[in-house]
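The values are calculated or read from the model by the stated rules, or taken from the named source; none is laboratory data. Note that this is a predicted model, so its numbers are computed, not measured. Because the Cβ atoms are built from the backbone with ideal geometry, glycine has one as well, and the counts that use them run over all protein chains shown.
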Amino acid sequence: MVKSMTGYGRFEDTQSPRKIGVELKSVNHKFFEFSCRVPRTMAFMEDKLKTYVQSRVSRGKIDLYLSVEADNTAPAVVEINHSLAAGYVKAYQELGEAYGLPCHLTAEALARIPDVLTVTKAPEDEDALWEQVLSVTEKAVDSFVAMREQEGARLKEDVLNRLATIRAAVSKIEAETPKTVAAYRARLEEKMRELLESATVDEGRLITETAIFADRVAVDEETVRLKSHADQIEALLNGDGPVGRKLDFLMQEANREINTIGSKSQNTNIANIVVEVKAELEKIREQIQNVE
């Protein structure tokens, strides 16, 4: 299935003890480029996230954002720095005695002093946390890929319609080429009659000159290859897996063939058709720049 390289996906789990959210967005890129923003304490997940996303996406510049709220249900231990607290109490008492001031130091006031109380939580279970994050990431990527597939379907339809236009144009070129040769023969014969001032001309020379001209303007090989490229492009669009790079190559080949046809053209009608085909190929090229 054709996929666009432009996409967006998001999922948030609010049912677990902690709220976890994953957001992805992507734009065009020749290769797979991944960057992510995660909480400072969860940097160990960056490689895991990249590996998972790369298993689902082959091309594009992808940005991922992970948010994880603290688990308020996790057990915590509050410890008292008794030596520090005793030091403050003694200092307050000495101040009161030295300056004749009342000392009403409460436990609550003492607890507010920095480092008197320290709170520690149990070490994070990284494997369990990763399983939670992976579950959310999978759903976010599902949404992300679905959007890329929808956009890819629109790109495919547009390209197939343009291929049909190109095939019709190539058929016109094939039908027009013999007319070019016939017109050249008629002009050459008329010119020879004028030069020789005779009602008869050298048929052998006429045939030879016409054959040389026909060979010079022949585009049979180019039109056959151009139609073959169109068939290959359609086959890729109807196939599975990433096709963007192959489409890029085929577009280069198709442009080469139509340029050759244009350079050989001795016919105004064919020249106009070549311009139309080039315009369609350019539009297709722009579209497939966004194909994964």
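Looking at the structure I just gave you, is ASP142 assigned to a helix (DSSP H, G or I), in contact (Cβ under 8 Å) with a residue 40 or more places away in the chain and farther than 30 Å from VAL68 by Cβ?
no
Counting only residues that are surrounded by 14 or more Cβ atoms within 10 Å (Cβ to Cβ) and out of contact with any Asp or Glu (no Cβ under 9 Å at 6 or more places or on another chain), which one in segment 1-28 is farthest from ASP158 (Cα to Cα)?
ASP13
Give me the residue from segment 239-275 that is under 25 Å from VAL57 (Cα atoms) and hydrophobic (A, V, I, L, M, F, W, C) and, out of that set, modelled with the lowest pLDDT.
VAL243
Name the residues in segment 208-237 that are among the small types (Gly, Ala, Ser) and either touching a Leu at 6+ places or on another chain (Cβ under 8 Å) or at pLDDT below 85 (or both), would you?
ALA211, ALA214, ALA218, ALA230 - these are the residues of segment 208-237 that are among the small types (Gly, Ala, Ser) and either touching a Leu at 6+ places or on another chain (Cβ under 8 Å) or at pLDDT below 85 (or both).
Of all the residues that make up segment 247-258, how many are within 14 Å of VAL291 (Cα to Cα) and either in contact with a Gly (Cβ under 8 Å, 6 or more places away or on another chain) or surrounded by fewer than 17 Cβ atoms within 10 Å (Cβ to Cβ) (or both)?
Residues that pass the stated criteria total 2.
Residue by residue through segment 145-165, note down the ones that are β-branched (Val, Ile, Thr) and either within 16 Å of ALA235 (Cβ to Cβ) or without any contact (Cβ under 8 Å) to a residue 40 or more places away in the chain (or both).
Selection gives VAL159 alone.
Would you be able to say whether some residue in segment 101-109 is in contact with a strand residue (DSSP E or B) (Cβ under 6 Å, 6 or more places away or on another chain), modelled with pLDDT under 95, over 30 Å from ILE288 (Cα atoms) and not in a helix (DSSP H, G or I)?
No, that holds for no residue.
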